[in-house]
1. Loop only per DSSP, at most 15 neighbouring Cβ atoms within 10 Å: give me the trypsin sites (Lys or Arg not before Pro) in the range 49-136, ordered by residue number.
2. Using only the alpha-carbon atoms, how far is helix 84-94 inclined from the longest principal axis of the chain? Give it as 0 to 90 degrees, nearest 10.
3. Report, to the nearest 10°, how far helix 99-122 tilts away from the longest principal axis of the Cα atoms in the chain, using its own Cα long axis and a range of 0 to 90°.
4. For the chain, calculate the relative contact order in percent as a whole number, restricting contacts to Cα pairs under 8 Å that are 6 or more residues apart.
5. Give the peptides 139-148, 102-111, 27-36 in descending order of average Cβ contacts within 10 Å, highest first.
6. Is there a quick way to get the dipole size of the range 22-154? I mean about its Cα centre, with the Cβ of Lys and Arg at +1 and of Asp and Glu at -1; what is the value in debye to the nearest 20?
7. For C142, what is the net charge nearby, where nearby means another residue's Cβ is under 13 Å from its Cβ and Lys, Arg count +1, Asp, Glu -1?
Amino acid sequence: MYDFNASHPPLLARLLGYAGLLPFISGALGVWLIPIGWRPWVLEALLDYAAVILAFMGAIHWGLAMRADQQETAARLQLGLSVIPPLLGWLAIAGNLPHGLALPLLLLCFVALYLGDLRAVSLGLAPRWYPALRRPLTLIVCVSLLLAWGGVLQG
């Protein structure tokens with residue numbers, strides 16, 4: 001199993017995490033590089049994938065909170081917060097928000113989720129190596145969403 005106190009993430013976690021960035025990167029580049037008629041499809045695919053990942057990340061926090069003593073207020077708060085990312089991701093795609101609004105909403109969700117990741121580590125719920133994994137992944141996700149948002153604002 002993984003060493004909870006290691007400072008570096010396991011190789012498999014890094015490989016899978018970086019593989020999960022491919023739809024973000026390709027979606028952000030697609031907004032700028034493909035013919036304009038395909039842009040709505042690329043944006044919808046990017047928004048859908050971002051919402052799926054927010055649900056996945058929320059589920060991680062659910063699992064982390066389940067490991068803790070459920071009587072601890074911090075663990076109960078972490079459990080409650082775990083449902084917010086998927087709900088906001090769902091709002092971004094099911095609420096028919098304009099792309100110019102959905103993209104910054106998702107961007108803020110990923111930033112807030114990273115802060116939640118740091119909180120989980122400080123509470124001892126997540127492994128010590130977790131921020132070393134999440135920091136570059138979150139940065140690339142946020143840059144990708146910013147690029148896509150810029151493409152939407154550019155017209």
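Read the figures in this text as sums done on the coordinates, not as results from a lab. Just so you know, these numbers come straight off a predicted model, no measurement behind them. Here Cβ is always computed from backbone atoms with ideal geometry, including for glycine, and neighbour counts include all displayed protein chains.
1. Values: sites: R67, R76, R119, R128, R134; in loops: R128.
Passing both the DSSP loop test and the Cβ count: R128.
2. In the chain, helix 84-94 runs at an angle near 20 degrees to the longest axis.
3. Here the helix axis deviates by roughly 20 degrees.
4. Relative contact order of the chain: 35 percent.
5. On the way: 139-148: 19.6, 102-111: 21.1, 27-36: 15.7.
Packing order, densest peptide first, comes out as 102-111, 139-148, 27-36.
6. Roughly 240 debye, rounded to the nearest 20.
7. Around C142, the charge tally is +2.
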